[in-house]
Amino acid sequence: MIATAIDKGKTHDFKLLKRSRLPWVSSQLCLADRGYQGFAKRHAGACTPTQKPRNQPLAEDEKQHNRALARLRVKVEHVIRRFKIFRIFSGRYRSRRRRFGLRLNLIAGLLNYELAHAS
């Protein structure tokens, strides 16, 4: 299921997530990218890729972890791609600011319907 939150101006996704104060179920798995580095401290089910230490290679088990996470996250990236097809994220939003949240939620509803009825 796709859920959206918006804020005025340029706001990082992680800051928006912290402000939303969504209740997290401890058994819920959250697949995140490198932009959510501190999320593992807030949520036990957060899974972020391991960063390579400076001037050292990444261990083989950490590489496998990063690859497995990327295989799961590709589905999230495909959903972001679908939003960009609607041109709501692909460039600067030039319509009325008041209606951005309404349009974003409408597109999310359409995508949720498509995901639920995909065969």
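Rounded, prolate or oblate: which fits segment 23-85, taking a ≥ b ≥ c as square roots of the Cα gyration tensor eigenvalues, rounded meaning a/c under 1.5, else prolate when a/b beats b/c? The partial results should precede the final answer.
On the way: a/c = 2.01, a/b = 1.25, b/c = 1.60.
It comes out oblate by the Cα gyration axes.
Determine which lysines satisfy two conditions relative to K84: a Cα distance under 24 Å, and not lying fewer than 8 residues away in the same chain.
Filter leaves K8, K10, K15, K75.
Report the full-extension gain for the segment C30 to V79: residue separation times 0.36 nm, less the Cα-Cα distance, to one decimal in nm. It would help to have the intermediate numbers written out before the result.
Working: separation 49, 0.36 × 49 = 17.64 nm, distance 1.54 nm.
Additional length available on full extension: 16.1 nm.
Under unit Cβ charges (Lys, Arg +1; Asp, Glu -1), what dipole magnitude, rounded to 20 debye, does the chain have relative to its Cα centre?
On the way: 27 positive and 8 negative charges, 187 e Å.
Here the size comes out at about 900 debye.
Testing the spin-label approximation: label points 7 Å from Cα along Cα→Cβ at K41 and K10. State their distance in nm.
Distance between the two pseudo-spin positions: 2.4 nm.
Can you figure out the FRET efficiency of Q64 with R87, using R₀ = 30 Å and their beta-carbon distance, to the nearest 0.05?
The pair Q64/R87 has a calculated efficiency of 0.20.
If the label point is 7 Å along Cα→Cβ of Q51, which residues in segment 61-88 have backbone nitrogen under 17 Å from it?
What the label zone holds, given the 17 Å backbone N cut-off, is 62-63, 66.
Pop out the ³J(HN,Hα) list for segment 7-21 in order, Karplus 6.51 cos²θ - 1.76 cosθ + 1.60 with θ = phi - 60°, rounded to Hz; leave Gly and Pro as x.
8, 6, x, 7, 9, 5, 4, 5, 5, 5, 5, 5, 5, 5, 6
Laboratory data are not the source of any read-out in this text; all were calculated from the coordinates shown. Note that this is a predicted model, so its numbers are computed, not measured. FYI the Cβ positions are ideal-geometry reconstructions off the backbone, even for glycines, and counts take in every protein chain you see.
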